[in-house]
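Student: I'd like to ask you about the structure that follows.
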Amino acid sequence: MAVFLGRWLKAPHRIGAIAPSSRYLARAMARQIEPRQTRLVVELGGGTGSITRALLASGLPPEKLLVVERDERLHRLLAERFPELRVVAGDAAQLTTLLRPLGVTSVSAIVSSLPLLSMPKRLRQRIVEQCFALLGARGSLVQFTYGLASPLPERDYAVSGRIAARVWRNFPPACVWRFERRDAAMAEVA
Ligand SMILES: C[S@@+](CC[C@H](N)C(=O)[O-])C[C@H]1O[C@@H](n2cnc3c(N)ncnc32)[C@H](O)[C@@H]1O
């Protein structure tokens, strides 16, 4: 908690939240993943590991989880806290390049707590493109937001999204969204 607050005080927009996610929000995020039907899950913006811990507690085996964190101090802390996981230091905007040396070119799901709404739109666009380059037509991007509206509105992004959970026991309360590529969602309806 103190480490997280310290990083937020240094760069509020880069961290995006004053405190780590509550265990209720972390569990709501983890519930979006079916551990047995999943190949590989990437978590973006691991922070101090609230959601990482919930994903592991839900039964996701450590070898199926890979965490990306841009902040150096938080990356070090995650690597110490979760020695059984692959924790990658880097920017989600370079996701495909970051993961290629690890032999990862496709994933089943991406669980993100990146502060999308405090990013410039072009950066957000770049991150979404990187995510779906790995997710392909069938994978889902799970993202929480404190805002009322979708963090990836359909008019601006080629994704289709729905609210998967509302979590009041978090500060501030949050919504968990699930996104798929829009062409994939349309194909299922047809
Ligand atoms: C709101 S915090 C969430 C932390 C943690 N997952 C939680 O729920 O408590 C967002 C995290 O995303 C990281 N982050 C922000 N932008 C990033 C980027 N472009 N690439 C990778 N990590 C990023 C921040 O350093 C921070 O740890």
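Student: Size of the chain along its principal axes in angstrom, Cα-based, largest extent first?
Tutor: 50, 36, 30
Student: Can I ask one more? Test of understanding: in a Gaussian network model of the chain with alpha carbons linked when under 10 Å, which of ALA149, ALA89, ALA79 would top the mean-square fluctuation ranking?
Tutor: ALA149
Student: Once you keep just the Cα pairs under 8 angstrom separated by 6 or more residues, what percentage relative contact order results for the chain? Mind showing how you got there, number by number?
Tutor: Working: 341 pairs, mean separation 37.9, N = 190.
Once divided by the residue count of the chain, the mean separation gives 20 percent.
Student: If you build a Gaussian network model of the chain, linking Cα atoms that sit under 10 Å apart, which residue out of ILE110, ILE18, ILE33 swings the most?
Tutor: Among ILE110, ILE18, ILE33, the largest mean-square fluctuation in the Gaussian network model of the chain belongs to ILE18.
Student: Name the residue, out of ARG70, ARG122, ARG178, whose mean-square fluctuation peaks in a Gaussian network model built on the chain with Cα pairs under 10 Å.
Tutor: ARG122
Student: Give the distance, in whole Å, between the Cα centre of the stretch 151-179 and the Cα centre of the stretch 82-103.
Tutor: 24 Å
Student: If we count other beta carbons within 10 Å of each Cβ, what is the order of HIS75, HIS13, fewest first? Could you put the intermediate results ahead of the total?
Tutor: Details: HIS75 18, HIS13 9.
In order of increasing Cβ crowding within 10 Å: HIS13, HIS75.
Student: Let me ask you something else. Of the peptides 159-169, 1-11, how do they stack up when ordered by the mean number of other Cβ atoms within 10 Å, highest first? Don't jump to the answer; show the numbers that get you there.
Tutor: Details: 159-169: 15.5, 1-11: 12.8.
Going from most to least packed, we get 159-169, 1-11.
Student: Taking neighbour Cβ counts within 10 Å as the exposure measure, how do ARG155, ARG53, ARG36, ARG76 sort from fewest upward?
Tutor: Values: ARG155 5, ARG53 17, ARG36 8, ARG76 14.
Sorted ascending by nearby Cβ count, the order is ARG155, ARG36, ARG76, ARG53.
Student: So how do VAL87, VAL176, VAL104 line up by other beta-carbon neighbours within 10 Å, fewest first?
Tutor: Numbers: VAL87 23, VAL176 20, VAL104 17.
Neighbour counts put them in this order, fewest first: VAL104, VAL176, VAL87.
Quick note: the coordinates plus some simple rules give every number you see, no bench work behind them. Fair warning: this is a prediction, and the values are worked out from it, not measured in the lab. Cβ sites come from the backbone with ideal geometry, for glycine too, and all protein chains shown count toward neighbours.
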